[in-house]
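Asks: The following block contains the structure, expressed as structure tokens.
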């Protein structure tokens, strides 16, 4: 009887599992693929609607977000951020870029190489490439760099001068088409990309048109400052920095458009009542438009005279107060800048009052449209836990699609702190000025690239200049009276035109973490066989064929394909669907059994080491979860993505 | 011996074709029978106990790596535990005689089996701070390989490996500035 009951229960369980899976919604598959789903990128003006109607409720979407396609219906696409069946709504087809191959471009640092020019159409670029006309190219380049393109120039845009390292700042420049060509003696690719324009500073045609609207653009900057005993010098320097920024605001006639607030915080009063307060707002944003009112408020601020309990303070309480107790409604751009030399009290800390994690507090800010910045004073102290604090503050200040807004001040140097604070506050002010003048980009102050502090600051500023996941290209083609396009297509070549032996960009494929994990596992097995094959070659071929049958996506096809000694690994079944149509086949997939047998021990060893190196890279990428971007935000999962350079594929 | 040859060859030596032929034959021998280092290679049986460093047995010409593979096959047939110290010594001998492929394969085999001196050797062979192309089978250093072996050793508690890793990291910091891809990858691995 027991057996019967067990069988019935087991059968029911199987039925439930099968049933659940059958009901699970899956994205649409790409044509001819068994595991690859259709994907699109959202354009900068895209919105996600609840229904297939522009009058239905909608929400903004981060530009160039990766979206899975679940359904298509009369010009609309039902989308989700992952392939696990959770959809978020409908996007008009016109607000989506079809992007099935998931190829993207990452630019090299323009300090080392000429900036990449983007052309209106393929023909104009191909003519230059076919003729390898360096003189004509250089002429176009110099004009483009000067911001004054030649008459009838085929150049539509140029790579921005500032460099973003894709590993630190995820961005996408989607490739829509590619074509192999020769540039001089070098093999190169023509790439059609989609990009977002960055207006040229010199373009002023539309200033008056946009001024009216932009006049109302306002920025609110609320400082949240640690006012415990150690913070005296930094409180003074903050006052000085804000005074300078006020002076700049006044000179640029931006009064009333930038406002400052300040909240001070200390720690749990239950433990040390002498600290007087946990949080206290000294100046509100509405008061902080006026320089006199601001200083009237902050002049009352002084550091505590008694030490708190340990090296952590309740920074989250200060931030929460700044977010919730400030009137943000009148501000288009909203910033909370935390200044502290101590780590925060996390949700599990019994002395913390907010019970919020960094992620939860970040979400609170995000929901209010507030960007959190952290200036962390890494003062020399034997009890400080700066590493842990850095991790938490980076998580706290992370903005989806851009990166974190964390700046660590080495040794808590007051001068460096002051410079950084002034630079960032000025940058926000410049953003207001730029918007007022109808010029969206943020001017980047000069910093010494060799200086660690300068580099860190420059990176922080670069993040401010990025638009969602889109890297903006400096747009050169302006037509009087016409607004800039939201997004434009252009053609480029992936090699430096003047020195074609150097590549100007890396072509990358956006892999999911699950795909990379699969790739790593398969290649690890190949490596183990290769290691054995190097030491004892006689079984290698048969072992490789046996393994092919287990790792192949289509084992039934393996037997036939491995019969010929000329078969390469790709044909044997090692190829993965997510890399098979890419404009690159690596040496591992190209390896034939014939060539392996002919190779010397040295060549086999070198091959094995290159494969090992790639596997190490996959493993490192996989393990560094901070490098992965989760479409739509949230924790890293199997659908999180990273752009892997094509030449790092097997 | 030279006395016997001299008289009959004296006229031939005056003929330039004789010298050209000699050079061509020499080149052919070099191409077909040269070692990894360019020294004429010959091999003895792996288990041979008569070999001494630098001795060349011209009766047995084998491709680079074959002697090591034969030895590996033999010890595998005999079963575990493998004689790792003596195999490591053998690798040294091959190294000294210029048979770099044989040496490399034995270092690799013994390192893979967990013999710590061999693991250190594998790390050093590829270490960009120690690399000498004239003494290496490989054409270039490989920081990732080097780090892999040092890391394994460090995980086994070898403090010497920690120092090597530190030096490797210092190298990576410098080399990454000029865009060395291995250095950049190493920095990612050691983040």
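The values are calculated or read from the model by the stated rules, or taken from the named source; none is laboratory data. Please read these numbers as outputs of a predicted model, since none were measured by experiment. Positions of Cβ are backbone-derived with ideal geometry, glycine not excepted, and every protein chain shown enters the neighbour counts.
Asks: Residue check, residue A:381 against (1) over 20 Å from the mean Cα position of the chain (by Cα); (2) at pLDDT below 80; (3) more than 21 Å from residue A:266 (Cβ to Cβ), all met but one. Which one?
Replies: Going through the list (1) over 20 Å from the mean Cα position of the chain (by Cα); (2) at pLDDT below 80; (3) more than 21 Å from residue A:266 (Cβ to Cβ), residue A:381 breaks only (3).
Asks: Looking only at the range A:373-386, decide whether some residue is assigned to a helix (DSSP H, G or I), farther than 29 Å from residue A:643 by Cα and touching a residue at least 24 places away in the same chain (Cβ under 8 Å).
Replies: Initially, the range A:373-386 is screened for residues assigned to a helix (DSSP H, G or I), giving A:386.
The next check asks that each one be farther than 29 Å from residue A:643 by Cα; those that pass are A:386.
Filter again for touching a residue at least 24 places away in the same chain (Cβ under 8 Å), leaving A:386.
So far as the range A:373-386 goes, yes, one or more of its residues are assigned to a helix (DSSP H, G or I), farther than 29 Å from residue A:643 by Cα and touching a residue at least 24 places away in the same chain (Cβ under 8 Å).
Asks: Additional query: I'd like the full set of residues that are part of a strand (DSSP E or B) and at pLDDT below 90, limited to the range A:161-175. Let's see the steps before the verdict.
Replies: Quick first cut of the range A:161-175, residues part of a strand (DSSP E or B) only: A:172, A:174-175.
Result: A:172, single match.
Asks: Here's something else I'd like to know. Would you kindly identify the helices (runs of 4 or more DSSP H) lying entirely within the range B:103-179 that contain at least 1 residues that are within 23 Å of residue B:70 (Cα to Cα) and out of contact with any strand residue (DSSP E or B) (no Cβ under 6 Å at 6 or more places or on another chain)?
Replies: B:116-126
Asks: Sticking with this structure for a sec: Suppose we keep only residues that are surrounded by fewer than 14 Cβ atoms within 10 Å (Cβ to Cβ) and part of a loop (DSSP other than H, G, I, E, B) within the range A:278-310. Which one would you say is modelled with the lowest pLDDT? Step through it out loud before you land on a result.
Replies: Going residue by residue through the range A:278-310, those that are surrounded by fewer than 14 Cβ atoms within 10 Å (Cβ to Cβ) are A:292, A:296, A:299-300, A:302, A:305-306, A:309.
Those still in the list that are part of a loop (DSSP other than H, G, I, E, B) too: A:299-300, A:302, A:305-306, A:309.
Numbers: A:299: 87, A:300: 86, A:302: 87, A:305: 82, A:306: 78, A:309: 67.
If we take residues in the range A:278-310 being surrounded by fewer than 14 Cβ atoms within 10 Å (Cβ to Cβ) and part of a loop (DSSP other than H, G, I, E, B), then A:309 is modelled with the lowest pLDDT.
Asks: Say we look at the range B:150-187 and pick out the residues that are in contact with a helix residue (DSSP H, G or I) (Cβ under 6 Å, 6 or more places away or on another chain) and either touching a residue at least 60 places away in the same chain (Cβ under 8 Å) or within 12 Å of another protein chain (Cβ to nearest Cβ) (or both); which of these is surrounded by the most Cβ atoms within 10 Å (Cβ to Cβ)?
Replies: So the residue we want is B:186.
Asks: Hey, can you tell me all the residues within the range A:58-90 that are buried (at least 22 other Cβ atoms within 10 Å of the Cβ), in contact with a helix residue (DSSP H, G or I) (Cβ under 7 Å, 6 or more places away or on another chain) and part of a loop (DSSP other than H, G, I, E, B)?
Replies: Hits for the range A:58-90: nothing passes.
Asks: Anything in the range B:116-130 that is more than 12 Å from the chain's Cα centre (by Cα) and within 14 Å of chain A (Cβ to nearest Cβ)? List them, or say none.
Replies: Within the range B:116-130, B:118, B:123, B:127, B:128 meet the criteria.
Asks: Here is a follow-up. Which residues, taken from the range A:111-136, are closer than 11 Å to residue A:497 by Cβ and within 14 Å of another protein chain (Cβ to nearest Cβ)?
Replies: Selection gives A:113 alone.
Asks: Where residues in the range A:322-337 are under 21 Å from residue A:394 (Cα atoms) and touching a residue at least 60 places away in the same chain (Cβ under 8 Å), which of them is surrounded by the fewest Cβ atoms within 10 Å (Cβ to Cβ)?
Replies: A:333
Asks: Now a separate question. Pick from the range A:185-199 the residues that are more than 30 Å from residue A:631 (Cα to Cα) and in contact with a strand residue (DSSP E or B) (Cβ under 9 Å, 6 or more places away or on another chain): which of them is surrounded by the fewest Cβ atoms within 10 Å (Cβ to Cβ)? Steps first, please.
Replies: Our first condition is that a residue be more than 30 Å from residue A:631 (Cα to Cα); within the range A:185-199, this holds for A:185-188.
Now drop any that are not in contact with a strand residue (DSSP E or B) (Cβ under 9 Å, 6 or more places away or on another chain), which leaves A:186-188.
Numbers: A:186: 15, A:187: 11, A:188: 20.
Per the stated criteria, the residue is A:187.
Asks: Considering only residues that are in contact (Cβ under 8 Å) with a residue 60 or more places away in the chain and within 8 Å of chain B (Cβ to nearest Cβ), which ones fall in the range A:610-625?
Replies: Here is the first cut: in the range A:610-625, the ones in contact (Cβ under 8 Å) with a residue 60 or more places away in the chain are A:611-612, A:614-615, A:618-619, A:621-622.
Result: A:612, A:621.
Asks: Ok, one more. Quick check: anything in the range B:137-149 on the phi > 0 side of the Ramachandran plot and within 14 Å of chain A (Cβ to nearest Cβ)? Please lay out each step first, then the result.
Replies: Of the residues in the range B:137-149, the ones on the phi > 0 side of the Ramachandran plot are none.
Checked the range B:137-149: no residue is on the phi > 0 side of the Ramachandran plot and within 14 Å of chain A (Cβ to nearest Cβ).
Asks: Only residues that are modelled with pLDDT of 85 or more, more than 16 Å from residue A:506 (Cβ to Cβ) and more than 30 Å from the chain's Cα centre (by Cα): list them for the range A:176-214, please.
Replies: A:181, A:182, A:183, A:184, A:185
Asks: On the given criteria, is residue A:160 in contact (Cβ under 8 Å) with a residue 12 or more places away in the chain, in contact with a helix residue (DSSP H, G or I) (Cβ under 9 Å, 6 or more places away or on another chain) and over 30 Å from residue A:66 (Cβ atoms)? Steps first, answer last, please.
Replies: Values: in contact (Cβ under 8 Å) with a residue 12 or more places away in the chain: yes; in contact with a helix residue (DSSP H, G or I) (Cβ under 9 Å, 6 or more places away or on another chain): yes; over 30 Å from residue A:66 (Cβ atoms): no.
Considered against the rule, which asks whether it is in contact (Cβ under 8 Å) with a residue 12 or more places away in the chain, in contact with a helix residue (DSSP H, G or I) (Cβ under 9 Å, 6 or more places away or on another chain) and over 30 Å from residue A:66 (Cβ atoms), residue A:160 comes out as no.
Asks: In addition: Does residue B:80 fit the bill of being within 17 Å of residue A:535 (Cα to Cα), more than 10 Å from every other protein chain (Cβ to nearest Cβ) and modelled with pLDDT under 95?
Replies: Values: within 17 Å of residue A:535 (Cα to Cα): yes; more than 10 Å from every other protein chain (Cβ to nearest Cβ): yes; modelled with pLDDT under 95: yes.
Yes; evaluated as a whole, the condition is true for this residue.
For every residue, the table says whether it meets (1) under 22 Å from residue B:179 (Cβ atoms); (2) part of a strand (DSSP E or B); (3) touching a helix residue (DSSP H, G or I) at 6+ places or on another chain (Cβ under 8 Å).
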site: A:104; (1), (2), (3): yes, yes, no
site: A:124; (1), (2), (3): no, no, no
site: A:177; (1), (2), (3): no, yes, no
site: A:188; (1), (2), (3): yes, yes, yes
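Asks: Return the pair list, or none, for Cβ contacts closer than 7 Å from residues in the range A:519-531 that are more than 14 Å from chain B (Cβ to nearest Cβ) to residues that are at pLDDT 95 or above and outside any helix (DSSP H, G or I), at least 6 apart or on different chains.
Replies: none
Asks: I'd like to know if the range B:89-109 contains one or more residues that are under 19 Å from residue A:614 (Cα atoms), more than 10 Å from chain A (Cβ to nearest Cβ) and either surrounded by 20 or more Cβ atoms within 10 Å (Cβ to Cβ) or modelled with pLDDT of 95 or more (or both).
Replies: Among the residues of the range B:89-109, not one is under 19 Å from residue A:614 (Cα atoms), more than 10 Å from chain A (Cβ to nearest Cβ) and either surrounded by 20 or more Cβ atoms within 10 Å (Cβ to Cβ) or modelled with pLDDT of 95 or more (or both), which makes the answer no.
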